[in-house]
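Colleague: Below is the structure I would like to discuss, written out as structure tokens.
Here, each number is a calculation from the coordinates, and none is a lab measurement. No experiment lies behind these values; they were computed from the predicted model shown. Every residue, glycine among them, receives a Cβ derived from its backbone with ideal geometry; neighbour counts consider all protein chains shown.
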Amino acid sequence: MRHECNKNKEGSEAWGFRPNEFSNKPKLVGSIILALQLPTNNNFTNYLRNKDVLTDKSNPWLLEYIAAKYNCHVDTSFDKTFTSSCGSNLKLASSSTYEQEIWTPFVQSAMLALLSGTSEAFQELCGSASATLCDQYLLNPNTVRNKVIKQKLDVDGSGNLVSLFDENGDGNVGYTIYNLQRNKNDANKIEYQKVGTYPLDGSTFHLDVNRIVEPDGINLPSVCPNDKACIMCKTTGIDSTPSPALSTFDSDEDGGTVKAYLIILLHVLQ
């Protein structure tokens with residue numbers, strides 16, 4: 001059996017959508033990335049920008065966070081690990097430096113689903129007149145759990161309610177598939193180009209292979225790159241009849257190229 005070496009890189013959600021971190025790494029051209037994404041919550045950003053950590057006594061953790069973020073000490077704090085003072089005009093999210101972490105919207109959505117779901121369960125099991133958790137609430141954890149995972153949220157402000165969890169309580173957002181490509185105006189910089197989607201809600205998998213750029217100087221093989229990949233091809237039936245989910249490629253290319261990209265994705269999705 002002939003094996004060929006494929007140097008194409010595949011990135012999971014650990015890479016995610018981080019254009020600022022990879023824009024100056026041209027060796028990553030051709031990499032395929034699976035990114036979990038939810039829209040940024042601007043209300044949360046505005047909340048942070050308007051919060052005065054020096055006068056807000058409700059959350060002492062904010063002072064610790066601001067000291068670690070700016071490598072300074074708060075004058076009213078006993079912790080003087082950092083020698084420079086933070087000053088009096090501290091902001092958690094300044095307009096010039098703040099960038100919301102890619103996982104922040106997931107935490108926000110999960111917490112909102114948790115609070116909404118447990119509130120509904122409390123109303124149903126204990127009633128609105130109850131001031132404490134009743135026995136029914138404590139004795140029916142499955143009811144509480146089901147209320148939480150069945151929550152639907154408007155995550156992008158469009159008014160469409162989306163289920164964030166499946167029946168097992170696992171995330172139901174799905175992946176956006178990106179290909180790292182050279183910037184048209186600066187060959188030394190790379191950028192994310194969306195080439196497909198991998199939904200987790202039962203809708204159709206999509207990959208536009210015509211838009212994918214291969215790694216510099218490398219042709220993706222049309223044969224199995226190694227024994228493991230060959231076994232996976234046989235067990236998944238890629239060489240015979242494609243499944244409905246894999247029959248939606250927007251490509252007129254030969255089957256060898258399509259199979260090569262399928263092998264890449266199978267590696268990532270395992």
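Colleague: Quick one: dipole size for the range 12-142, taken about the Cα centre, charges +1 on Lys/Arg Cβ and -1 on Asp/Glu Cβ, in debye to the nearest 20.
Modeller: 560 debye
Colleague: Right, another one. In Å, the Kirkwood hydrodynamic radius of the range 76-197 over pairs of distinct alpha carbons?
Modeller: 19.2 Å
Colleague: Suppose each label sits 7 Å from its Cα in the direction of the beta carbon; what would the K194-L139 distance come out to in nanometres?
Modeller: According to this spin-label approximation, the distance is 5.0 nm.
Colleague: Next up: Quote the convex hull volume per residue of the range 85-144, based on C-alpha atoms, as a whole number of Å³. Please report the intermediate quantities before stating the final value.
Modeller: Numbers: hull volume 10.4 nm³, N = 60.
So the per-residue hull volume is 173 Å³.
Colleague: Please turn the phi angles of the range 27-41 into ³J(HN,Hα) values with the Karplus equation 6.51 cos²θ - 1.76 cosθ + 1.60 (θ = phi - 60°), one per residue in order, whole Hz, x for glycine and proline.
Modeller: Values per residue, Gly and Pro as x: 5, 8, 4, x, 5, 10, 10, 9, 10, 8, 9, 10, x, 5, 8 Hz.
Colleague: Say the cut-off is 31 Å between C-alpha atoms; which of K69/K194; K147/K194; K25/K69 go over it?
Modeller: Beyond 31 Å: K69/K194; K147/K194.
Colleague: State the extension gain, in nm to one decimal, for the chain segment bounded by R18 and T132, taking 0.36 nm per residue of separation less the distance between their alpha-carbons. Mind dumping the intermediate values first?
Modeller: Working: separation 114, 0.36 × 114 = 41.04 nm, distance 4.41 nm.
Full extension of this stretch gives 36.6 nm more.
Colleague: State the extension gain, in nm to one decimal, for the chain segment bounded by D170 and V107, taking 0.36 nm per residue of separation less the distance between their alpha-carbons.
Modeller: Working: separation 63, 0.36 × 63 = 22.68 nm, distance 1.39 nm.
So the extension gain works out to 21.3 nm.
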